[in-house]
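The values are calculated or read from the model by the stated rules, or taken from the named source; none is laboratory data. Remember, it's a predicted structure, so these values are computed and weren't measured experimentally. Every residue, glycine among them, receives a Cβ derived from its backbone with ideal geometry; neighbour counts consider all protein chains shown. Ligands, DNA and RNA are stripped out before the accessible areas are found, and what is left, the full protein with its side chains, is counted by its heavy atoms. Shrake-Rupley method; radii C 1.70, N 1.55, O 1.52, S 1.80 Å.
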Amino acid sequence: MAHSWWEIRILCDPALEDIIFWRLERFNCRGTATELKSNSCLMSAYLPEEQAGLLDLAALSLWLRQDALCAGWPIPAMQWDLIEDEDWGSTWKEHWQPQEVGDRFLINPAWLPPPTDTDRLILRLDPGVAFGTGAHATTQLCLESLEMRLGFDDSKSVVADIGCGSGILSIGAVLLGATKVYALDTDPLAVRSTISNRLLNRVNSQQLVAELGSIDRLKEMVDEPIDGLICNILAEVIIDLIPQFTAISKPTTWAVLSGILLEQAKPIADTLEQHGWIVATLWKRQDWCCFNIRRS
């Protein structure tokens, strides 16, 4: 049976792009796309009809208005329409083109032929209804962090991706040489998307294990502590998860944490310190940051 989607369109000052993306993520939108038009930014986001009513959309518009007023920027214009499944898919594909990320990755949409004239690692992706295309600063920061962690020696690395979304970070870790990756998400649609993208990149199911759940499920899946951990999710969720990191970590375990606004960095850092983690580096891009941490 076909589903209807809300297509949300927001015309805003480019300076508001990151805070609006954050709002859309909190609103549980399934995908976003951005276009620059003259001196403005046109953002499109998609949400299953059953997840929001007209009052919810009006509330989102009000939040965006308040965010802009607090930041001292012009108020964005927001409108929404209902579209069908096939319209959502074609609209999404029109917006998204291949993109180089970091020093080693090329994110290539699944519906486009991969290039033959690049020495980059080609990560083919169809995000479906899950977050993670490589276009947003938080995903880029995580991929760049993984480049610094993986692929430099022959040692085995077992990595977990908590909140895997489309599976982009899990697949990236495999392409960089991780011997095994556990990809977990509490959204069944995200797990389905990760499995689909795993097949698209010809990664076997023993090397990338995708399942529904979070750290509690990971504890049941692993026989020993993992080598690396990736979390690119909301800051509030990361704060709740940090106390659970110890149970799956060894003295040499590292982690990459993102999805965090700069203004949220201090409570994250304080919670990490309380639970025996050291911030090795803090990378910033636009209004977002990425923690590269290790055990103290």
Note to self: Straight-line reach only, C-alpha to C-alpha below 21 angstrom: list the lysines that residue 266 could link to, leaving out same-chain residues fewer than 8 apart.
What the structure shows: 284
Margin query: For a test of the definition: using alpha carbon positions, the gyration tensor, and the 1.5 limit on a/c, classify the stretch 141-252 as rounded, prolate or oblate.
Written below: rounded
Check: HN-Hα J couplings of the stretch 103-108 from phi, Karplus 6.51/-1.76/1.60, θ = phi - 60°, integer Hz, Gly and Pro as x?
Finding: 8, 10, 9, 10, 8, 10
Next item on the list: Enter the angle in degrees (range 0 to 90, nearest 10) between the Cα long axis of helix 137-149 and the first principal axis of the Cα atoms of the chain, meaning the one along which they spread out most.
Entry: 20
Check: How many percent of Cα pairs in the chain exceed 24 Å?
Finding: 51
Checklist line | Stokes-Einstein D in µm²/s, Kirkwood radius over Cα pairs - the stretch 190-249 at 25 °C with 0.890 mPa s viscosity | finding: 188
Checklist line | Taking the convex hull of Cα positions in the stretch 194-296, its mean projected area over all directions (nm²) | finding: 7.3
Margin query: With a 1.4 Å probe and all protein chains left in place, how much accessible area per residue does the chain have, in Å²?
Written below: 46
Next item on the list: Just report the Cα centroid separation between the stretch 148-169 and the stretch 269-296, whole Å.
Entry: 18
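Would you work out what percent of the accessible area of the stretch 12-53, with all protein chains in place, is carbon or sulfur (probe 1.4 Å)?
For the stretch 12-53, the apolar C and S fraction of the accessible surface comes to 39 percent.
Using a 1.4 Å probe on the protein heavy atoms, what percent of the accessible area of the stretch 142-296 belongs to carbon and sulfur?
50
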Margin query: Taking R0 as 41 Å, what FRET efficiency do you get between residue 3 and residue 236 from their Cβ-Cβ distance, rounded to the nearest 0.05?
Written below: 0.90
Next item on the list: Specify the residue with the greatest mean-square fluctuation among 38, 196, 155, computed from a Gaussian network of the chain linking alpha-carbon atoms under 10 Å apart.
Entry: 38
